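Single-structure report; data block below.
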Amino acid sequence: MQSKTVAKDGFNAITIPWSVPDMSGFKPGAAPEFSASAEDIASFQRDGVVVLRGVMTDWVETLRAGLARNLVSPEQFRFPCESLPEGTPGRFFDSYCNWDLIPEYRDFALNSCAASMAGQFMQSSKAQLFHEHAFMKDPGTQSATPWHQDLPYYCVDGDQTASVYVALDHADADVAVRFVKGSHRTGKLYFPRVFMDGSSFNVDDDTMAAVPDIDGNPDQYDIQASALEPGDTIIFNFRTLHGTTDAALKSTRRAFSMRWIGDDVTYCDRPGETSPPYPGIDLQSGDAMREDWFPVVWRRR
Ligand SMILES: O=C(O)CCC(=O)C(=O)O
Ligand SMILES: [Fe+2]
């Protein structure tokens, strides 16, 4: 049976240290180029989210194999986290910052059209790889992914951001990740939350507030929720609010999210610990993100 790896602090456990990615063998410009439609780019800019059906179908098996490797020995990879209290039905596993350790993730990062996709949707001249985040919920799980924005967890600021989220299983609309359309444009940032119980952290950051009660006031929010099939891909801004309900999962739900940063993104020295933490990054707020740690995978031609 798979043993549970409970991170020391609930999450963000440094099991193995961060190291500068080895980019040997990477050929800039060799990955296939995505061709985003003007209409989809406009939707993404307006809503902070766009769903592209079936565009990563060819990568589903590769990413599933990578996640399987991650799950065989979670402690051999970075930031393994179990987000269900002991005795709760199901399993909610996630892990991040392993693209340089898991060959299948690396293959996707460097050889798929994901970087060009992110670059085009961000309307950026380049796409820099920030990190990746893999998720798995087992059948029977009845635990919401709490509504959150990703930016408040991160040591970056800017508007040209995109996660390329690839669904690796079918998910009914009631258990798939949902988005608040337009929430990336309000200028508001909300405290990051622990997935285990939804509690806020870094609450002494006076630039942020608690995430509002979105499910209690559905009329006030334009919520996008739709069923997903393996290979369906969601592009969303790091500021876009997203989360799930706590409806029981009937089947396994795996997903792979790759985080990309564009031209206007700079380092942001947040008051509390960020997730991921990047000890030794040696940057000041406003500095460009260093390209040796966060490689430029795509440049506009
Ligand atoms: O799939 C989920 O439940 C959460 C995904 C998420 O929060 C993300 O990709 O940033
Ligand atoms: Fe998220």
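The values are calculated or read from the model by the stated rules, or taken from the named source; none is laboratory data. As the structure is a prediction and not an experimental result, all values here were calculated from the model. Cβ coordinates were reconstructed from backbone atoms using ideal geometry, including for glycine residues, and neighbour counts include every protein chain displayed.
Determine if the stretch 49-57 includes at least one residue that is over 24 Å from ASN98 (Cα atoms), in contact with a Lys or Arg (Cβ under 7 Å, 6 or more places away or on another chain) and either modelled with pLDDT of 95 or more or outside any loop (DSSP other than H, G, I, E, B) (or both).
Among the residues of the stretch 49-57, at least one is over 24 Å from ASN98 (Cα atoms), in contact with a Lys or Arg (Cβ under 7 Å, 6 or more places away or on another chain) and either modelled with pLDDT of 95 or more or outside any loop (DSSP other than H, G, I, E, B) (or both), which makes the answer yes.
Identify the residue in the stretch 178-194 that is buried (at least 22 other Cβ atoms within 10 Å of the Cβ) and not basic (Lys, Arg) and, among all such residues, is nearest to HIS148 (Cα to Cα).
PRO192
Looking at the stretch 200-217, can you tell me whether even one residue there is within 11 Å of ligand 1 (Cβ to nearest atom), farther than 22 Å from MET122 by Cα and outside any loop (DSSP other than H, G, I, E, B)?
The answer is no, given that none of the residues of the stretch 200-217 is within 11 Å of ligand 1 (Cβ to nearest atom), farther than 22 Å from MET122 by Cα and outside any loop (DSSP other than H, G, I, E, B).
Conditions (1) within 17 Å of the chain's Cα centre (by Cα); (2) among the hydrophobic types (A, V, I, L, M, F, W, C); (3) at pLDDT below 95, marked per residue:
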site	(1), (2), (3)
ARG106	yes, no, no
MET122	yes, yes, no
ALA134	yes, yes, no
GLY140	no, no, no
GLY158	yes, no, no
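Could you tell me which residue of the stretch 223-253 is nearest to the chain's Cα centre (by Cα), considering only residues that are more than 16 Å from THR145 (Cβ to Cβ), assigned to a loop (DSSP other than H, G, I, E, B) and within 15 Å of ligand 2 (Cβ to nearest atom)?
ASN237
Against the condition at pLDDT below 95, within 30 Å of ASN111 (Cα to Cα) and assigned to a loop (DSSP other than H, G, I, E, B), how does PRO279 come out, does it pass? Give the derivation first.
Details: at pLDDT below 95: yes; within 30 Å of ASN111 (Cα to Cα): yes; assigned to a loop (DSSP other than H, G, I, E, B): yes.
The answer is yes for PRO279.
I'd like the full set of residues that are closer than 20 Å to ALA227 by Cα, in contact with a Gly (Cβ under 9 Å, 6 or more places away or on another chain) and among the basic types (Lys, Arg), limited to the stretch 20-78.
Scanning the stretch 20-78 gives a single hit, ARG53.
Being assigned to a loop (DSSP other than H, G, I, E, B), within 30 Å of GLU61 (Cβ to Cβ) and within 14 Å of ligand 2 (Cβ to nearest atom), is that true of even one residue in the stretch 182-195?
yes
Residues that are part of a strand (DSSP E or B) and either without any contact (Cβ under 8 Å) to a residue 60 or more places away in the chain or crowded, with 22+ Cβ neighbours inside 10 Å (or both): does the stretch 114-125 have at least one?
no
So that you can scan it fast, the table gives a plain yes or no per residue for (1) in a helix (DSSP H, G or I); (2) of a type outside the set (Lys, Arg); (3) over 23 Å from LYS126 (Cβ atoms):
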position: PRO21; (1), (2), (3): no, yes, no
position: GLY25; (1), (2), (3): no, yes, no
position: ASP40; (1), (2), (3): yes, yes, no
position: ASN70; (1), (2), (3): yes, yes, yes
position: ARG78; (1), (2), (3): no, no, yes
position: THR88; (1), (2), (3): no, yes, yes
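Consider GLY198 carefully, then state whether it is farther than 23 Å from ASP215 by Cβ and small (Gly, Ala, Ser).
No.
Quick one: in the stretch 221-251, of everything that is aromatic (Phe, Trp, Tyr) and either at pLDDT below 95 or within 13 Å of ligand 1 (Cβ to nearest atom) (or both), which residue is surrounded by the most Cβ atoms within 10 Å (Cβ to Cβ)?
Result: PHE236.
Search the stretch 25-49 for residues that are within 23 Å of PRO295 (Cβ to Cβ) and pair each with any residue that is in a loop (DSSP other than H, G, I, E, B) when their beta-carbon atoms are under 6 Å apart and the residues are at least 6 apart or on different chains.
As it stands, the answer is PRO32/CYS113; PHE34/CYS113, since those pairs meet every condition given.
Looking at PRO279, PRO212, PRO218, can you tell me which residue is surrounded by 14 or more Cβ atoms within 10 Å (Cβ to Cβ) and away from ligand 2 (no atom under 16 Å from the Cβ)?
Of PRO279, PRO212, PRO218, the one residue that is surrounded by 14 or more Cβ atoms within 10 Å (Cβ to Cβ) and away from ligand 2 (no atom under 16 Å from the Cβ) is PRO212.
Kindly check whether there is at least one residue in the stretch 284-293 that is assigned to a loop (DSSP other than H, G, I, E, B) and either within 16 Å of ligand 1 (Cβ to nearest atom) or in contact with a helix residue (DSSP H, G or I) (Cβ under 7 Å, 6 or more places away or on another chain) (or both).
No, because not a single residue in the stretch 284-293 is assigned to a loop (DSSP other than H, G, I, E, B) and either within 16 Å of ligand 1 (Cβ to nearest atom) or in contact with a helix residue (DSSP H, G or I) (Cβ under 7 Å, 6 or more places away or on another chain) (or both).
Can you work out which of the residues in the stretch 145-168 that are within 12 Å of ligand 1 (Cβ to nearest atom), of a type in the set (A, V, I, L, M, F, W, C) and in a strand (DSSP E or B) is surrounded by the most Cβ atoms within 10 Å (Cβ to Cβ)?
So the residue we want is ALA162.
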